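Shown next, in structure tokens, is the structure this report addresses.
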Amino acid sequence: MSAPAPEFDRGKRRHGDDSRGRKGGMPGDRTVLAVDGLDVGTRHTPLLHDVSFSIERGERVGLIGESGSGKSLTALAVMGLLGEGLRASGDVRLSGRTPATRNLLDIGEREMAGLRGDAMSMVFQEPMTALNPTMRVGAQVAEVMRIHGTRGKGAARERVVELLDQVGLPDPAHLARSYPHELSGGQRQRVVLAIALANDPALLICDEPTTALDVTVQATVLDLVVRGVEERDAAMLFITHDLAVVATVCERVLVMYGGRIVEAGPVGEVFGDPRHRYTQGLIGASDLAGAEGRRARATLPTIPGTVPAAGRFPDGCVFRSRCDHATDLCEALPPWTPRGEHAAGDRAYGFACHHPAGESTAEKEGSRG
Ligand SMILES: Nc1ncnc2c1ncn2[C@@H]1O[C@H](COP(=O)(O)OP(=O)(O)OP(=O)(O)O)[C@@H](O)[C@H]1O
């Protein structure tokens, strides 16, 4: 998209309070999603390793990384939508309406289906795959309320028009009677968003929601997504390749490579002062607009080579086969290093790199033990 200038001032909230003793963050009062030590793989190939993070109510967290890093698998594992042949282990808790007392990875498909579209929703890149081509769009929005019993028939009909209006569709009462093929791509994605938001989910996951859209409508749809989650005080996980979008939409960012989270923190800190060499490379190769972005691009290295196929990442630091700074030390898995003053073990603020950019004296002393 024609990216707006990045604003490096998003990380205003402090998230250290809820993370003592637990890698992904102990569910506190405002924690909606807590993922702790999530591993995903096929029988033979591990794909995600020890993924840990949490998201609070009203918080928007970006998940970035090149194609094949494991972003979609993370989202699908949370939603209980991993395909046949994939296994997940670890701990995934969702609160919001009800206390997060159970690990989502342990509950059956029937119960998961009750949560999807209700307590948590997901918007995918391609709206046509999410819509039923043979059903009028209004009926599809009403159906998600009917399935979850959140509204009676008459109330659902009124709510459909309200929701279609909220996502900026013109003449919503008339448009509700259209079929998906009668709408533009941008209009279809708005309908998908209306469906995702219909039951006021506590968690909205967006996987490249605007990538398939015309650049002229991308910014508008993004704005609607942000407004939708803000109005509901919902938590959002936003998956994208586009760092400029993360800078605009999110407060916090998780950087993923080789199925691991390699860096995490407030967008301003991570994009303004990346510590992991992979994050540095991503920023160097990105379209971050504006003078700040261009200056950064001129001084940061880009990423040599390509992402290895699943199961072909090196042991130790997963990035070492592409990293100019790699040494023998990188054959060992780098420990998670908290950023600045943050507590050891706080996975919301830190990085896992043996040779981080801009290493502070305190960190050097810390790593020497
Ligand atoms: N069902 C599966 N069986 C085997 N490998 C899989 C399966 N699904 C995904 N993978 C592999 O897992 C890795 C991570 O995939 P994932 O789709 O999560 O990447 P991504 O970061 O979302 O990429 P993209 O940005 O292209 O969507 C890839 O190497 C992919 O080939």
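Rule-based calculations on the coordinates, nothing more; no lab input. Keep in mind it's a predicted model, so treat the numbers as computed, not measured.
Give me log10 I(q)/I(0) at q = 0.11 Å⁻¹ for the stretch 72-154, Debye formula, one equal scatterer per alpha-carbon, no solvent.
Values returned for q = 0.11 Å⁻¹ are -0.37.
Got a sec to turn the phi values of the stretch 303-314 into Karplus ³J(HN,Hα) couplings, 6.51 cos²θ - 1.76 cosθ + 1.60 with θ = phi - 60°, whole Hz, x for Gly and Pro?
Ordered by residue, 3J(HN,Hα) equals 9, x, x, 10, 5, x, 5, 3, x, 9, 6, x Hz.
Whose amide H sits under 5 Å from the amide H of residue 353, counting only residues 5 or more places off or on another chain, with H placed in the peptide plane?
The list, which skips near neighbours in sequence, is 337.
Could you give the Stokes-Einstein D for the stretch 129-200 in µm² per second, using the C-alpha Kirkwood radius, 4 °C, 1.567 mPa s? Before the final figure, lay out the partial values.
On the way: Rh = 11.7 Å.
Here the translational diffusion coefficient equals 111 µm²/s.
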